[in-house]
Amino acid sequence: MADEADRAAQEVESQTAEAIRVASRDIQPGVPGECELCGEWSGRLIGGVCAPCRDKYKLP
Ligand SMILES: [Zn+2]
C-alpha cells in the first residue's frame with residue numbers, strides 16, 4: 001500500500017526533524033561571562049545574553 005509507505009516516510013522525516021532540533025540545541029554556544037543586557041555574570045550566556053534576560057526579552 002502506498003499509504004503505508006507514505007506514513008513510513010513521514011515518520012522518518014519527523015524523526016530527522018527532531019534529531020536536527022536536538023542537535024542544533026546542543027550546539028548553542030553556552031559560554032560563561034557577563035550578560036550584555038543586565039551585566040550579571042552568568043555561567044552560560046547564549047549569544048552574550050543570560051537565561052533570565054532571554055526569557056524577559058523573549059529571545060530564542
Ligand atoms: Zn542578563
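Each reported figure results from applying straightforward, stated rules to the coordinates on display, with no laboratory input. Not measured: the values here are computed from a predicted model. We place every Cβ from the backbone using ideal geometry, glycine too, and count neighbours over all the protein chains shown.
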What is the spin-label model distance, in nm, from E13 to V31 if the labels are put 7 Å beyond Cα along the C-beta direction? 3.8 nm
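Note the full-extension length gain between D6 and R44 as 0.36 nm times their separation in residues minus their Cα-Cα distance, in nm to one decimal. Before the final figure, lay out each step's value.
Numbers: separation 38, 0.36 × 38 = 13.68 nm, distance 4.19 nm.
Length gained, D6 through R44: 9.5 nm.
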Tell me, what HN-Hα J-couplings in whole Hz come from the Karplus equation 6.51 cos²θ - 1.76 cosθ + 1.60 at θ = phi - 60° for each residue of segment 5-12, using x for Gly and Pro? 5, 4, 4, 4, 5, 5, 4, 4
